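Asker: One structure coming up, written as structure tokens, with questions to follow.
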Amino acid sequence: MSLQPLSPGATIGMLGGGQLGRMTALAAARLGFRTHVFCPEPDSPAAQVAAAVTLSGYEDEAALDAFARAVDVVTYEFENIPLGTVRHLAALVPVRPGPELLAVCQDRLAEKRFAERQGLGTAPFAAVDSAGDLDDAIATIGLPAILKTRRLGYDGKGQARLDTADDVAPALAAMRGTPAILEGFVPFEAELSVIVARNAMGEVALWPAAENRHRDHILKTSTAPAPRPAAVLREAETIGRTLAEAFDLTGLLAVELFLTPDGRLLVNEMAPRPHNSGHWTQDGAATCQFEQFVRAVCGLPLGPGDALFRTEMTNLIGDEVDEVPRLLAEPGAKLHLYGKAEARPGRKMGHVNRRLAPLAPPAGD
């Protein structure tokens, strides 16, 4: 099913009601589009700013059919939408990115295998579906290693580090029979992420890679462009472009990368949507990731991905949202809140962008 360029006034169907959907809906409104959110949670961040909302479970086919009739294109703001839901909608209305890409990005093992097929480096890995599989994987990969669920884990959830043989049985028990993957521990120097946009015409735009720092397994800051050699940033962009082309992407793809001490970049995980590490683009780039996402899924020309400022994004997690009055008084701080009523430990409540330094305009400007 081909996707014709959409005109202002068209409606984007958004699966998921989180903050990424909220910021996408706000960007869509600036371009004259409406957003219709489909999610099971009442008063979600995205629903607060959407033109329409369907409050329903993702398996309700009657609700999905009505949703498809009400929108012109469908996308999603997190990758753990049931694959059957996306395939059902794809038979009725254009869905971008498509379900084939989503199937890969929902499964850590499939991600690693896909990257490997493109000739890209990853940490050593092996599938783990039983205690015997884990013993074989450890014999091949060695320890330390990380045991992860293949699906649904995020922000450090669904994974355990194995340092010695004593860690193996408790970690396997915690998986409760869930399909898993063992990844060799990578002593990386930094985590980088690159985000690439691609539209239905095959036009590609990338932002400079960001360098990410975590606290308690949750992203705390992203700085872009990453303070790394130009050759490293170029390689990160090449990896992003390679994966986007291999997927025949229409939309956004975020790729998390490990930078090793010897200068190699290894693909860690992928996300087919806007990404927390790309929030800096709202205030530091020529085109923000959310506007670019809208352009891509609507079949429109892409904007430039140039960084205009070296920018640092800081997540506001849990009760850090209480710092809002101070942040509003801070010169140059750009505050973005998500409309969440309750602050809980580990919950992302908003973020603040700080422009650290202007950057030279691109050559030719």
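Asker: Just rank HIS351, HIS88, HIS217, fewest to most, by other beta-carbon atoms within 10 angstrom.
Answerer: HIS217, HIS88, HIS351
Asker: Based on the alpha carbon coordinates of the chain, what radius of gyration and maximum Cα-Cα distance (Dmax) apply, in Å?
Answerer: Every Cα atom of the chain included, Rg and Dmax give 20.3, 60 Å.
Asker: Could I ask something else about it? With a length cut of 27 Å (Cα positions projected on each helix's long axis) and a Kyte-Doolittle mean of at least 0.0, go through the chain and give me the DSSP H helices that pass.
Answerer: Span-like helices here: none at all.
Asker: Applying the Karplus parametrisation 6.51 cos²θ - 1.76 cosθ + 1.60 with θ = phi - 60° to the phi angles of the stretch 331-341, what ³J(HN,Hα) value in whole Hz is obtained for each residue in order, glycine and proline being reported as x?
Answerer: So the J values, rounded to whole Hz, are x, x, 6, 10, 9, 10, 10, 9, x, 8, 6.
Asker: Just need log10 I(q)/I(0) for the stretch 190-358 at q = 0.09, 0.16 Å⁻¹, Debye formula, equal scatterers on the alpha-carbon atoms, no solvent, rounded to two decimals.
Answerer: -0.30, -0.92
Asker: Whole-Hz Karplus ³J(HN,Hα) for the stretch 342-348, in order, using 6.51 cos²θ - 1.76 cosθ + 1.60 and θ = phi - 60°, x for Gly and Pro?
Answerer: 10, 8, 10, x, x, 8, 7
Asker: Can you classify the stretch 268-365 as rounded, prolate or oblate using the Cα gyration tensor, where a ≥ b ≥ c are the square roots of its eigenvalues, rounded means a/c under 1.5, and otherwise it's prolate if a/b beats b/c and oblate if not?
Answerer: It comes out oblate by the Cα gyration axes.
Asker: Could I ask something else about it? In vacuo Debye scattering of the stretch 65-215, one point per C-alpha: log10 I(q)/I(0) at q = 0.12, 0.16, 0.18 Å⁻¹?
Answerer: Debye output, listed in q order: -0.66, -1.02, -1.17.
Asker: In whole Hz and in residue order, list the ³J(HN,Hα) couplings for the stretch 39-56 that follow from phi through the Karplus curve 6.51 cos²θ - 1.76 cosθ + 1.60, θ = phi - 60°; x for Gly and Pro.
Answerer: Once θ is set to phi - 60°, the couplings for the stretch 39-56 become 7, x, 8, x, 6, 6, x, 6, 4, 4, 10, 8, 6, 8, 9, 10, 9, 7 Hz.
Asker: Further, regarding this structure: Where does the chain land at 222 nm, in deg cm²/dmol rounded to the nearest 500, when only DSSP H runs of n ≥ 4 count, each adding -39500 (n - 2.57), divided by all residues?
Answerer: Helix-only estimate at 222 nm: -8000 deg cm²/dmol.
Asker: Something else now. Mean-square fluctuation check for the chain, GNM, Cα pairs under 10 Å: which of LEU83, LEU266, LEU206 is largest?
Answerer: Checking each option, the largest mean-square fluctuation is seen for LEU83.
Asker: May I ask for the equivalent-ellipsoid semi-axes of the stretch 11-95, computed as the square root of five times each C-alpha gyration tensor eigenvalue and listed largest first in whole Å?
Answerer: Semi-axes, largest first: 18, 14, 11 Å.
Asker: Just want to confirm a number: the relative contact order over the chain, from Cα pairs under 8 angstrom separated by 6+ residues, in percent.
Answerer: 15 percent
Asker: Multiplying the sequence separation of ASP65 and ALA246 by 0.36 nm and subtracting their Cα-Cα distance, what value in nm do you get?
Answerer: 62.1 nm
Asker: Same structure, new question: Take CYS39, CYS105 and order them by how many other Cβ atoms sit within 10 Å, fewest up front.
Answerer: So the residues, fewest neighbours to most, are CYS105, CYS39.
Asker: So, in Å, what gap is there between the alpha-carbon centers of the stretch 289-323 and the stretch 27-68?
Answerer: That distance is 21 Å.
Asker: Looking at the chain, what % of its DSSP beta bridges pair antiparallel, to the nearest 5?
Answerer: 80 percent
Asker: Plugging the Kirkwood radius over Cα pairs into Stokes-Einstein for the stretch 247-288, at a temperature of 25 °C and a viscosity of 0.890 mPa s, what D comes out in µm²/s?
Answerer: Roughly 205 µm²/s, to the nearest whole number.
Asker: Sorted from largest down, give the three principal axis spans of the alpha carbons of the stretch 124-184, whole angstrom values.
Answerer: Principal-axis extents of the stretch 124-184 (Cα, largest first): 26, 21, 19 Å.
Asker: What dipole magnitude, in Debye to the nearest 20, does the stretch 190-358 give about its Cα centre under +1 on Lys/Arg Cβ and -1 on Asp/Glu Cβ?
Answerer: 160 debye
Asker: How many Lys pairs in the chain lie less than 28 angstrom apart by Cα atoms, where the lysines are 8 or more positions apart or on different chains?
Answerer: So the count works out to 15.
Asker: Could you list PHE293, PHE309 so that the one with the fewest beta carbons within 10 Å of its beta carbon is first and the one with the most is last?
Answerer: Fewest-to-most Cβ neighbours within 10 Å comes out as PHE309, PHE293.
No value in this document is a laboratory result; all are computed from the given coordinates. No experiment lies behind these values; they were computed from the predicted model shown. Neighbour counts are summed over all protein chains in view; Cβ atoms, including those assigned to glycine, are modelled from backbone coordinates with ideal geometry.
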